[in-house]
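Reading through the structure tokens given below for one structure.
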Amino acid sequence: MIKRVRCHFSGVVQGVGFRPFIYRMAVLHDLAGFVQNRRDGVVVEIEGSDPSIEAFLSDVRKLLPPIADVTRLVTEESPVRGDVEFHITESEAEGTADLHITPDAATCNDCLGELFDPTDRRHRYPFINCTNCGPRLTIIKTVPYDRVNRSMACFPLCPECLKEYNDPMDRRFHAEPNACPACGPRLSLLDGEGRLSESPDPLESACDKLREGAVVALKGLGGFHLSVDAGSDAAVKRLRSRKYREEKPLAIMVKDADFAGRIAEMKEAEMRLLESFQRPIVILKKKEGAPVSEEIAPGMDTLGIMLPYTPLQHLIFDRGFTALVMTSANQKDEPICIGNREALVRLHGIADFFLVHNRDILVRCDDSIAMTVAETPVLLRRSRGYVPKPIVLREPYPEILALGPHMKTTVCILKKNLAFLSPHVGDLETPQARDFLEESTDLMYKITGCRPSRVACDLHPGYHTTKTAHGMEGVESIITVQHHHAHIVSCMADNGITGRVIGISMDGTGYGSDGHAWGGEFLIADECNFTRQGHLSYFPLPGGTAAIREPWRIGAVLLKETFGDQWRDYARKLRIIPEERYYPLIDAITHREINSPLTSSLGRLFDGFASLLGIRGEVSFEGQAAMEMEAAASGCPAEPLPFLIRTGEEGDLLDFTPAVRRLVELRLTGSPTKSLAAAFHLCLAKAFREMAERIRMATGLNRSVLSGGCFQNRLLLEGCLEELRDAGFDVFMHRQVPPNDGGISLGQAVSAGARVKAGLPL
Ligand SMILES: [Zn+2]
Ligand SMILES: [Zn+2]
Ligand SMILES: [Zn+2]
């Protein structure tokens, strides 16, 4: 009995070898029909015997190509047409756009084999790729994903490549970026002024320059990297001083997983993450005496490590390097460079040489960053390799555009039950970063094929994103979402949960509903609303933003809140105030409440404790003090510091003055910094547990959701997971989107979508 079935596949099904795969499966099972790319996925019609169709469908589910991901499959019977062959038909440009563009993928093992095979025609060709690997998102202009719509359009295929491209049994069948030395892109080396090098082998010359200690800009997948030899203190220092990046850790790329294991401790889950086709930078615990420069991550006990993911990078490592610094090529707070000319201008004076090529990068996409917590990968920056794969939500929502907060921004579009997040845009401190926000919004319009008339943004009236929302044309409604509520909803969406939860949002700072700088919040929240059930006791930030750069100011305030007028004695004994003249200044501005905004931020509390511990009185980037506290505490046994919960009109207030008192006593009697830093971490986990237990008593809620930038601190996150699980809570943490502000746009979008759906006033 002959039947015809129409299958509609949605998900990551284009540009991943899905059609050739379907073709091969159909031929294998003796089925006729066709496969076609649509704007809303892939349509397959198969005609043949019932058992063959069953076997086909089962094999398709089991044997999917490595990067493909089917999120939905709808099948229906259709009238038999008497087809005798199976074929691949032209893409159809019509239909509603619901297409999943694929993220870029690391060079696959088959291609690597060919890359280093002297008899292969692509031997040492830096742009080798196939349907299972290579650039995708970063070379796309519009959908659907065909060569005419990509930056490969200017490289007509040579006869041999064309043959592969048209042969359904070939690994490069319809591999859109397919290329070879005869027809594809090529490398060139430019000096700092943009002059072309005469060298017959630009790659070898670039490697020579790296060996000599030069800073070389390398064109990658989603942008340029600045690279230096990671073993050379002098070279790393040179890069730091030119980039005005004094201490912030730099990512390194290492030859292979073996070498990663030599310089860092690595568990099974971390190894899998490191070797995944997404190839994120993985935060790993550094081994003592690792043969890389101390200048790479001063003060840290971790290294951000990734493996080569482009053929060019593999070729560079094949020339004898073990570890290279690979940091995004940009100036502070500017987006990553993608164009050759752009790089020459913006990196002038930073890079000594530029190893470029003539395949355009069309989408800026920084490296992603990840860590593992309790064997589970957690993304800290979601970009290359992951974007634009959508987050699958538990239920459908109306279309929403969310613009994110101000720092670590991403843009999110909600469409049906999918949330599409943009590449990492970053801090919106420069005009270039603001242009990038616009670029990313346009990209998301293109990818989703929709232009939502409802826009979600932060509550902060002064944020660039808030102003952008108000300045957009054709906007029907603007929906504001409080920063920490957005964090919690983001984590709920990340875990596919809905309904009321206990939200624990521990963060830097975000604009609170009362106008203060929130950041240590205990919320009862659902997607639509929240109540603030408790928070860290407010403390003033003397000097406002100056206190963020100079944690000693917060240390002084904590002493003042704890010891009253005696604070000066303790500050002198601890030697935390840099100059004598600051004593009256701190008194004056906190007493008269001048330029001393109140905050409940845990991030700032970390800063204050770091100063009291003598770890750091000034920082060169946000989060530095907390990172060094974590590094100091890591692996050190300790007793938790005491804390206090006060019940007031504003709910339960978590008061750490007892912790300050104990810490100061212990420090003055010679307790080691490491154990005090550990004692602080333990105290926080205990305190959060007790706060959560109180909320559970009052409400009966048992799900607790952890979000906010402070949960990038692995020690804190693990401690909280342990305490809360021990108390019987169902605990949810981030996995697919970052706990930091990179996940805010998702929370904004889902909260706004839920409010629209529920018919609540906006
Ligand atoms: Zn490949
Ligand atoms: Zn070719
Ligand atoms: Zn935040």
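The values are calculated or read from the model by the stated rules, or taken from the named source; none is laboratory data. Owing to the predicted nature of the structure, the values given are computational and were not obtained by experimental measurement. Methodologically, a virtual Cβ is constructed for each residue, glycine included, from the backbone with ideal geometry; neighbour enumeration extends over all protein chains shown. Remember, those area values only see protein heavy atoms, side chains included, never the ligands or the DNA or RNA. Shrake-Rupley method; radii C 1.70, N 1.55, O 1.52, S 1.80 Å.
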Report task. Mind checking segment 499-595 for trypsin sites (Lys or Arg not before Pro) that DSSP puts in a loop (not H, G, I, E or B) and that have at most 13 other Cβ atoms within 10 Å? Result -> 575, 581, 592
Requested in this report: Compute the relative contact order of the chain as a whole-number percentage, counting only Cα pairs closer than 8 Å that sit 6 or more residues apart in sequence.
Outcome: 11
Query raised in the report: Where a ≥ b ≥ c are the square roots of the eigenvalues of the C-alpha gyration tensor, would you call segment 187-369 rounded, which needs a/c under 1.5, or, failing that, prolate if a/b is larger than b/c, or oblate?
Result: prolate
Query - Dipole magnitude of the chain about its Cα centre (Cβ charges: Lys, Arg +1; Asp, Glu -1), debye to nearest 20 - result: 580
Query raised in the report: Based on the alpha-carbon gyration tensor of segment 674-762 and its eigenvalue square roots a ≥ b ≥ c, which shape applies: rounded if a/c is under 1.5, prolate if not and a/b is larger than b/c, or oblate?
Result: oblate
Requested in this report: Assuming a ≥ b ≥ c are the square roots of the Cα gyration tensor eigenvalues, decide whether segment 481-545 counts as rounded (a/c under 1.5), prolate (otherwise, with a/b larger than b/c) or oblate.
Outcome: prolate
Report summary line: Per-residue ellipticity at 222 nm attributable to helices in the chain (runs of n ≥ 4 DSSP H, -39500 (n - 2.57) apiece, nearest 500 deg cm²/dmol) works out to -10000 deg cm²/dmol
**Report entry** Solvent-accessible area per residue for the chain (1.4 angstrom probe, square angstrom)
**Finding:** 38
Query - Cα lying deepest toward the dipole's positive end in the chain, options 641, 739, 180, charges on Cβ - result: 641
Query raised in the report: Do any trypsin sites (Lys or Arg not before Pro) in segment 173-219 lie in a DSSP loop with no more than 12 other beta carbon atoms within 10 Å, and if so, which?
Result: 195
Query - Loop-located chymotrypsin sites (Phe, Trp or Tyr not before Pro) in segment 221-301, at most 10 other Cβ atoms within 10 Å (DSSP) - result: 244
Query raised in the report: With a Cα-only, solvent-free Debye model of segment 2-88, what are the log10 I(q)/I(0) values at q = 0.11, 0.13, 0.15, 0.19 Å⁻¹?
Result: -0.25, -0.35, -0.46, -0.76
Query raised in the report: Using θ = phi - 60° and the Karplus form 6.51 cos²θ - 1.76 cosθ + 1.60, what ³J(HN,Hα) does each residue of segment 217-224 get, whole Hz, x for Gly and Pro?
Result: 8, 10, 7, x, 8, x, x, 7
Query - Spherically averaged projected area in nm², based on the convex hull that wraps the Cα atoms of segment 535-692 - result: 8.9
Query - Surrounding net charge for residue 351, when Lys and Arg each add one and Asp and Glu each subtract one, Cβ distance under 12 Å - result: +3
Query raised in the report: Using θ = phi - 60° and the Karplus form 6.51 cos²θ - 1.76 cosθ + 1.60, what ³J(HN,Hα) does each residue of segment 261-274 get, whole Hz, x for Gly and Pro?
Result: x, 7, 9, 9, 6, 9, 8, 3, 5, 6, 4, 4, 5, 4
Requested in this report: Express as a percent, rounded to the nearest 5, the fraction of DSSP beta bridges in segment 187-369 (both residues included) that run antiparallel.
Outcome: 80
Query raised in the report: Measuring from centroid to centroid over Cα atoms, what is the spacing of segment 157-200 and segment 599-650 in Å?
Result: 52
Requested in this report: Round to the nearest 0.05 the FRET efficiency obtained for residue 374 and residue 3 when R0 = 35 Å and r is the Cβ-Cβ distance.
Outcome: 0.15
**Report entry** the chain: C-alpha pair distances exceeding 52 Å, %
**Finding:** 15
Report summary line: Once normalised by the length of segment 535-692, the mean sequence separation of its alpha carbon contacts under 8 Å that are 6 or more apart gives a contact order in percent of 27
Query - Three principal axis lengths of segment 601-656 [C-alpha, angstrom, descending] - result: 37, 28, 15
Report task. Would you mind calculating the gained length between residue 196 and residue 269 on full extension (0.36 nm times residue separation, minus the Cα-Cα distance), in nm to one decimal? Result -> 21.9 nm
Report summary line: quick note, the chain, DSSP beta bridge pairs, % antiparallel (nearest 5) is 75
